[in-house]
Amino acid sequence: MKIREFYARLPLTYSFEVFPPKTDDEIRKLYDTIAELKAWGPRFVSVTSRPDRSQRDKTFQIAAHVKHNLGIESMAHLTCVAATEDQICQDLDLARVLGLENILALSGDPPKGSTQSVAGERTLRYASQLVALIKQRSDFGIGVAGHPEGHSECPDKDKVLRDLQRKVDAGAEFVITQLFFDNDHFYDFVERAQRLGIHVPIIPGILPILSTAQVKRFAALSGATLPPSLERDLKRLGNDDAEVQKLGIDYATQQCLDLLEQGVLGIHFYSLNRSASVKAIFKNLGPRWTIAQLTDNPSVSRSRGPDDPTLRDL
Ligand code: FAD
């Protein structure tokens, strides 16, 4: 099923992201994790990919297993930086053969030491080019990345939004955002996107923090800022990962509750292949925001209208 249909039809769509593990044993564990999270009714699982292409087939195979054997819709990430059009077309053929229906089209960060072009061949650089190619060659549902706080390569938030518009104009049907720790960045991003004429669903990406070192690394990579109060708490807890994980669950729960009250169409969790934090967050959200909200029954749909300022036009 195309992911755009979830956002169009359902009151609320939860999803989560996983990455391809290295060993077969870890892949089996990942499938157990996904099966555990299935009890909470996620509508799809997205599987990351790497620009160096070494794991490309694994991304597609895991996405196919999730869809066909675990019974949850899936979405394969596809990066285009330094890839040729021919390579991308081969990727799309493989995805089609495996029965996948959705692609998250990304530029990706160039692999270390790589040049951005391949002699004699047309290479792709930007996700908007990838969206255009996918649209021209296939019938996949297409999502793209959004960057509420700008991008580590480009802190100019207005330019990042204009570049997002190129992706939507090329055919992207929904946007999943980079992680953020202050919801105001998300609300501001959605509002400015709407003013620019971007009217596809924009879905917040939420990271349940697992350790201080990890969140600092991710923040540096993604350009996400840590609010001073969160920074203080992380400093206080230092390397006590168990306590940091608890803090991460509480913090993400508060972020989710606020987003849900504001009427978001869905939440995408950066699960990092772990189920404990996401499960704890679902438990904290309680029945109002979990199973009952996930049914197709229109009687549980929330009304959208003037009370949903961030999503009025989505
Ligand atoms: P683009 O939209 O192409 O933008 C890249 C940069 O180029 C930006 O600075 C943009 O402003 C600029 N730009 C865009 N178009 C133009 C243009 N026409 N002219 C000039 N400048 C332009 N990375 C991975 O490697 N694998 C993954 O699986 C992965 N999954 C992700 C999932 C999500 C939900 C998110 C938010 C990010 C993910 N990333 C992943 C990280 C992502 O690849 C990086 O953030 C990357 O640097 C930007 O990707 P993009 O698709 O937004 O790029």
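The values are calculated or read from the model by the stated rules, or taken from the named source; none is laboratory data. Since we're looking at a predicted model, the values are computed, not measured. Note that we place each Cβ from the backbone using ideal geometry, even for glycine, and neighbour counts take in every protein chain shown.
With the condition kept exactly as written, say whether any residue in region 216-224 is away from the ligand (no atom under 16 Å from the Cβ) and among the hydroxyl-bearing types (Ser, Thr, Tyr).
Going through region 216-224, the residues away from the ligand (no atom under 16 Å from the Cβ) turn out to be 216.
Going one step further and asking which of them are among the hydroxyl-bearing types (Ser, Thr, Tyr), we end up with none.
Checking region 216-224: not a single residue is away from the ligand (no atom under 16 Å from the Cβ) and among the hydroxyl-bearing types (Ser, Thr, Tyr).
Here is a list: TYR7, TYR31. Which entry is in contact with a His (Cβ under 8 Å, 6 or more places away or on another chain), of a type outside the set (Gly, Ala, Ser) and either under 21 Å from GLY143 (Cβ atoms) or surrounded by fewer than 23 Cβ atoms within 10 Å (Cβ to Cβ) (or both)? Step through it out loud before you land on a result.
On the way: TYR7 fails: in contact with a His (Cβ under 8 Å, 6 or more places away or on another chain).
None of the other options fit; the residue is TYR31.
Considering each residue of region 95-133, count those that are modelled with pLDDT of 95 or more and more than 15 Å from the ligand (Cβ to nearest atom), and give that number.
So the count comes out to 5.
With a cut-off of at least 3 residues that are under 16 Å from the mean Cα position of the chain (by Cα) and at negative phi, name the helices (runs of 4 or more DSSP H) lying wholly within region 173-255.
Numbers: elements: 183-195, 212-222, 228-237.
Filter on region 173-255 gives 183-195, 212-222.
Matching residues to (1) under 27 Å from THR253 (Cβ atoms); (2) touching a Gly at 6+ places or on another chain (Cβ under 7 Å); (3) surrounded by 23 or more Cβ atoms within 10 Å (Cβ to Cβ):
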| residue | (1), (2), (3) |
| --- | --- |
| LEU130 | no, no, yes |
| ASP139 | no, no, no |
| GLY143 | yes, no, yes |
| GLY150 | yes, yes, no |
| LEU164 | no, yes, yes |
| HIS185 | yes, no, no |
| VAL190 | yes, no, yes |
| PRO204 | yes, no, yes |
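Looking only at region 60-73, which residues are without any contact (Cβ under 8 Å) to a residue 40 or more places away in the chain, touching a Leu at 6+ places or on another chain (Cβ under 8 Å) and not basic (Lys, Arg)? Before the answer, list the steps.
Applying the first criterion (without any contact (Cβ under 8 Å) to a residue 40 or more places away in the chain) to region 60-73 yields 61, 63-72.
In the following step, the residues that additionally are touching a Leu at 6+ places or on another chain (Cβ under 8 Å) were identified as 61, 63-64, 67.
If the condition is that a residue be without any contact (Cβ under 8 Å) to a residue 40 or more places away in the chain, touching a Leu at 6+ places or on another chain (Cβ under 8 Å) and not basic (Lys, Arg), then GLN61, ALA63, ALA64 are the ones that fit.
Those residues that are farther than 24 Å from ILE103 by Cβ, within 16 Å of the ligand (Cβ to nearest atom) and aromatic (Phe, Trp, Tyr), I need them from region 171-201; list them, please.
Correct list: PHE181 only.
Regarding GLY248, is this residue at pLDDT 95 or above and either within 16 Å of the ligand (Cβ to nearest atom) or under 15 Å from PRO42 (Cβ atoms) (or both)? Lay out the reasoning, then the answer.
Numbers: at pLDDT 95 or above: yes; either within 16 Å of the ligand (Cβ to nearest atom) or under 15 Å from PRO42 (Cβ atoms) (or both): no.
It is false that GLY248 is at pLDDT 95 or above and either within 16 Å of the ligand (Cβ to nearest atom) or under 15 Å from PRO42 (Cβ atoms) (or both).
May I ask you to say which residue of PRO204, PRO155 is under 30 Å from LEU230 (Cα atoms), within 11 Å of the ligand (Cβ to nearest atom) and modelled with pLDDT of 95 or more?
PRO204
For (1) over 21 Å from GLU173 (Cβ atoms); (2) more than 15 Å from the ligand (Cβ to nearest atom); (3) at pLDDT below 95; (4) of a type in the set (A, V, I, L, M, F, W, C), each residue gets a yes or a no:
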position	(1), (2), (3), (4)
SER15	no, no, no, no
THR33	yes, yes, no, no
PHE44	no, no, no, yes
PRO51	yes, no, yes, no
GLN55	yes, no, yes, no
ILE62	yes, no, no, yes
HIS65	yes, yes, no, no
THR84	yes, yes, yes, no
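Please enumerate the residues belonging to region 207-226 that are exposed (fewer than 14 other Cβ atoms within 10 Å of the Cβ) and touching a residue at least 40 places away in the same chain (Cβ under 8 Å).
ALA220, LEU221
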